[in-house]
Amino acid sequence: MGEDTSDYERIGGGEAVRQVVGRFYELVLADPELADYFVGSDLVRLKRHQALLISQVLGGPAEYDGRALGAAHRGMGISSEHFGRVVVHLVAALREARVSEDIIGRVGDVLGGTKTEIVEA
Ligand code: HEM
């Protein structure tokens with residue numbers, strides 16, 4: 001793969017992203033500290049939006065059409081600790097899929113940068 005290959009292509013494209021996102025929400029929903037946030041959420045729509053967002057972050061197609069992250073999480077009272085747990089589950093899902101640590105680091109930097117939009121409590 002050349003220098004201009006995106007991280008999205010390196011990890012295996014849309015199918016790989018969908019697998020990671022599926023596993024990510026399994027971990028999140030199995031976490032008793034987090035599951036309650038998702039009661040009543042449309043998980044199909046949520047997974048689709050999360051996959052589009054992560055694809056974009058990885059340098060794949062820029063097709064995210066969900067809400068801005070601040071608006072999507074407003075009023076949930078998400079704490080810094082809960083934000084951290086969500087990131088841990090995403091990193092775990094990426095590791096399970098054998099995504100390389102340099103790519104995980106880049107994703108983590110971008111998502112870590114969204115913290116001030118998402119955390120309220
Ligand atoms: C790494 C940081 C995070 C990212 C990148 C992220 C991303 C997203 C995206 C893309 C959506 C869909 C927005 C839409 O459909 O318009 C969403 C929705 C949601 N997020 Fe997050 N999120 C993050 C952290 C969190 C945390 C820490 C929690 C709770 C502890 C959380 C709970 C939710 C819930 C409950 C929804 C669904 C809202 C609904 O059903 O309307 N998210 N998030």
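Specify the longest stretch of the chain that does not include any exposed loop site, a site being one of the trypsin sites (Lys or Arg not before Pro) with a non-H, G, I, E, B DSSP assignment and at most 11 other Cβ atoms within 10 Å. Mind showing how you got there, number by number?
Numbers: sites that count: 67, 98.
No qualifying site falls inside 1-66, the longest such stretch.
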(message) I'd like the carbon and sulfur percentage of the solvent accessible area for region 7-118, probe radius 1.4 Å, heavy atoms only, ligands and nucleic acids excluded.
(response) 54 percent
(message) If the elastic network links every pair of Cα atoms under 10 Å, which of 16, 72, 92 fluctuates the most in the Gaussian network model of the chain?
(response) 72
(message) Strictly greater than 17 Å: what percent of every Cα pair in the chain meets that?
(response) 56 percent
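Averaged per residue, what accessible area in Å² does the chain show with a 1.4 Å probe, protein chains only?
On the way: 7060 Å² over 121 residues.
Here the residues of the chain average 58 Å² of exposed surface.
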(request) On a 0 to 90° scale, report how tilted helix 80-96 is relative to the longest principal axis of the chain, with both axes built from alpha carbons and the result rounded to the nearest 10. (result) 30 degrees
(message) As a test of the formula, what do you get for the chain when each DSSP H run with n ≥ 4 contributes -39,500 (n - 2.57) and the sum is divided by the residue count, at 222 nm and rounded to the nearest 500 deg cm²/dmol?
(response) -18500 deg cm²/dmol
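The values are calculated or read from the model by the stated rules, or taken from the named source; none is laboratory data. As the structure is a prediction and not an experimental result, all values here were calculated from the model. For neighbour counting, all protein chains shown are included, and Cβ atoms are generated from backbone atoms with ideal geometry for every residue, glycine included. The accessibility values were calculated without ligands, DNA or RNA, using every heavy atom of the protein model including side chains. Shrake-Rupley method; radii C 1.70, N 1.55, O 1.52, S 1.80 Å.
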